[in-house]
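Okay, so here's the structure we're looking at.
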Amino acid sequence: MQTNFTPDQLRDPDLAAANQVLRTCVHCGFCTATCPTFRLLGDELDSPRGRIYLIKDMLEAGRPAGELEAKHIDRCLSCLSCMTTCPSGVHYMHLVDHARTHIARTFRRPWHERALRAVLAAVLPYPARFRAALRLARLGRGLARLLPTTHPLGQRVAAMLALAPARLPTEAATAPGVYPAQGTRRGRVALLAGCAQQALAPEINAATIRLLTRMGVEVVVPAAAGCCGALTHHMGLHDPALAAAAANIAAWCAEADGAGLDAIVVNASGCGTVVKDYGFMFRTAAEPLRAQAARVAALAVDISEYLTRLDYAPSRPPPGLRVAYHAACSLQHGQQITEEPKGLLTRAGFTVVEPAEAFLCCGSAGTYNLMQPEIAGRLRARKLETLGALTPDLIAAGNIGCITQLAGGGVPVVHTVALLDWMAGGPAPEMGGVAGAPVATVAGARPEPGRV
């Protein structure tokens, strides 16, 4: 694609990076075939190619974003299916992230959208605040039918209440500290405890720690590490995202320089995609932060990658269960991890099946199902239909957003690591669940750190 940025514009490193991405695009349109919003809406501006043209025009002109750009870029799920499909290697993720930041800085949204985004940014990255919000949502679920769903704010509040769990998790949030390896120590890792996942499904971290420590891996959860920055990053809130990421980088580098780290393990694939991109996000930062960010990005691994590296093996007999594997977009497209989760589940004794259109997003996409509930609802229905056609006993996924989005569809949804922990000697996941509950809960006591 030919671009016409001026030399002055290209002195801005963000515009220079955008220019490089734009010039890679050859207009072929292969991306439209796998774009969820284009397949649903049929509008060229709701395809990656159409959004690329909008972004190019906006950035080249050096003008503020308008309603047109905000509308169609807001509709992008950032599922990154287009990056998997693209034969030219267009790094759409970096381009759309920059466009979101430009929109956030230059476009004044309607008051109700500003209010919603402000609430989400102030609540979701903070587990204690999010747990408090979930308690309030439980009280408000009965009032959802009274909301004016003809207004966008009413639609979004109704979507938030619908996604709130019918019961709160009984597992406590992951305590900071060091969880010692059992037997001979094979490694030492930091675990990203996360933010929303700690409020919605703390049992995922508990299962991860149990499994890794039984396999001889010491797990550290630094007190200073928190949200990876993904939630605010994808809303275009650049500075809060970088602040969250910088805190994590400092905490993990302190551990790496102290007792050492073999890896930084992430069990929420949306977070993993962002942590692995820290090097790019801090490419213009002053040293030593720039080098530390690149170091952290190189250490980051999804839990399925690390368990494969450790040669995971089950200790229980095969359970005789048929598992539909849902590939989270951030895992299959963002991190290009496709075989490891399926291979681990198969090794654990499950019969693993995959749905048609496995490349399509379920509609969760971070906060997308809260801000675009109508499109997200259609994608959820489509995904549940293809998963249900497999007649599975349960659905496995590696991302808390997908687990929340797909819950309540008639088939239990369980994190992959909870199933692997079970088959390697951990407690069985609670697969019956409760109608409307967003996650399966894992029975058993929370592991206690050896020291804090």
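The single condition from (1) part of a loop (DSSP other than H, G, I, E, B); (2) small (Gly, Ala, Ser); (3) free of Cβ contacts under 8 Å to residues at least 40 places away in the same chain that Gly426 fails is (3). Every condition in (1) surrounded by fewer than 19 Cβ atoms within 10 Å (Cβ to Cβ); (2) in a loop (DSSP other than H, G, I, E, B) holds for Ala162 except the one numbered (2).
Okay, residues lined up against (1) within 23 Å of Ser330 (Cβ to Cβ); (2) outside the structural domain of Gln336 (by TED's automatic domain parsing); (3) at pLDDT below 95; (4) not in a helix (DSSP H, G or I):
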site	(1), (2), (3), (4)
Met1	no, yes, yes, yes
Ala16	no, yes, no, no
Arg23	no, yes, no, no
Phe38	yes, yes, no, no
Gly50	yes, yes, no, no
Leu54	no, yes, no, no
Arg63	no, yes, no, yes
Leu77	yes, yes, no, yes
Cys82	yes, yes, no, no
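Kindly establish whether Asp97 is free of Cβ contacts under 8 Å to residues at least 24 places away in the same chain and assigned by TED's automatic domain parsing to the domain that holds Cys28. In short, no.
Within the range 178-200, the set of residues being part of a strand (DSSP E or B) and under 21 Å from Gly366 (Cβ atoms) comprises just one member, Leu191. Would you confirm whether any residue within the range 409-418 is surrounded by fewer than 24 Cβ atoms within 10 Å (Cβ to Cβ), modelled with pLDDT of 95 or more and either farther than 30 Å from Ile73 by Cβ or not β-branched (Val, Ile, Thr) (or both)? For the range 409-418, residues surrounded by fewer than 24 Cβ atoms within 10 Å (Cβ to Cβ), modelled with pLDDT of 95 or more and either farther than 30 Å from Ile73 by Cβ or not β-branched (Val, Ile, Thr) (or both): present. Just one of the numbered conditions (1) modelled with pLDDT under 95; (2) surrounded by fewer than 22 Cβ atoms within 10 Å (Cβ to Cβ); (3) aliphatic (A, V, I, L, M) is not true of Ala356: (1). Within the range 218-237, the set of residues being touching a Ser or Thr at 6+ places or on another chain (Cβ under 6 Å), closer than 16 Å to Val178 by Cβ and assigned to a loop (DSSP other than H, G, I, E, B) is empty.
Answer with yes or no whether Thr338 is surrounded by fewer than 24 Cβ atoms within 10 Å (Cβ to Cβ) and over 18 Å from the mean Cα position of the chain (by Cα). Please lay out each step first, then the result.
Details: surrounded by fewer than 24 Cβ atoms within 10 Å (Cβ to Cβ): yes; over 18 Å from the mean Cα position of the chain (by Cα): no.
The answer is no for Thr338.
Here's the yes/no breakdown for (1) loosely packed, with under 14 Cβ neighbours inside 10 Å; (2) touching a strand residue (DSSP E or B) at 6+ places or on another chain (Cβ under 9 Å); (3) of a type in the set (S, T, N, Q); (4) closer than 25 Å to Leu200 by Cα:
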position: Ala65; (1), (2), (3), (4): no, no, no, no
position: His72; (1), (2), (3), (4): no, no, no, no
position: Cys79; (1), (2), (3), (4): no, no, no, yes
position: Thr84; (1), (2), (3), (4): no, no, yes, no
position: Tyr92; (1), (2), (3), (4): no, no, no, no
position: Pro110; (1), (2), (3), (4): yes, no, no, no
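Is there a residue in the range 53-72 that is among the aromatic types (Phe, Trp, Tyr) and either under 23 Å from Ala356 (Cβ atoms) or free of Cβ contacts under 8 Å to residues at least 40 places away in the same chain (or both)?
Filtering the range 53-72 down to residues among the aromatic types (Phe, Trp, Tyr) leaves 53.
Of the ones still in play, those that are also either under 23 Å from Ala356 (Cβ atoms) or free of Cβ contacts under 8 Å to residues at least 40 places away in the same chain (or both) are 53.
The answer is yes; a qualifying residue exists.
Restricted to the range 311-396, the set of helices (runs of 4 or more DSSP H) holding at least 3 residues that are among the basic types (Lys, Arg) comprises 373-388.
For Ala175, the criteria (1) of a type outside the set (D, E, K, R); (2) modelled with pLDDT of 90 or more; (3) not in a loop (DSSP other than H, G, I, E, B) hold in every case but one, which is (3).
So that you can scan it fast, the table gives a plain yes or no per residue for (1) among the hydroxyl-bearing types (Ser, Thr, Tyr); (2) in contact (Cβ under 8 Å) with a residue 40 or more places away in the chain; (3) in contact with a helix residue (DSSP H, G or I) (Cβ under 8 Å, 6 or more places away or on another chain):
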site	(1), (2), (3)
Pro165	no, yes, yes
Pro169	no, yes, yes
Val178	no, yes, no
Arg185	no, no, no
Arg188	no, yes, no
Leu191	no, yes, yes
Cys195	no, yes, yes
Leu200	no, yes, yes
Thr208	yes, yes, yes
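Restricted to the range 201-217, and to residues there that are in a helix (DSSP H, G or I) and hydrophobic (A, V, I, L, M, F, W, C), the residue that is surrounded by the most Cβ atoms within 10 Å (Cβ to Cβ) is Ile204. Of the residues making up the range 250-270, those that are crowded, with 24+ Cβ neighbours inside 10 Å and out of contact with any Ser or Thr (no Cβ under 8 Å at 6 or more places or on another chain) are Trp252, Ile264, Val266, Ala268. Sort out which residues of the range 271-289 are loosely packed, with under 15 Cβ neighbours inside 10 Å and among the basic types (Lys, Arg), and write them in order of number. The one that is loosely packed, with under 15 Cβ neighbours inside 10 Å and among the basic types (Lys, Arg): Arg283.
The values are calculated or read from the model by the stated rules, or taken from the named source; none is laboratory data. Because the structure is a prediction, the values reported are computed rather than measured. Neighbour counts run over all protein chains shown; Cβ positions are idealised from the backbone, glycine included.
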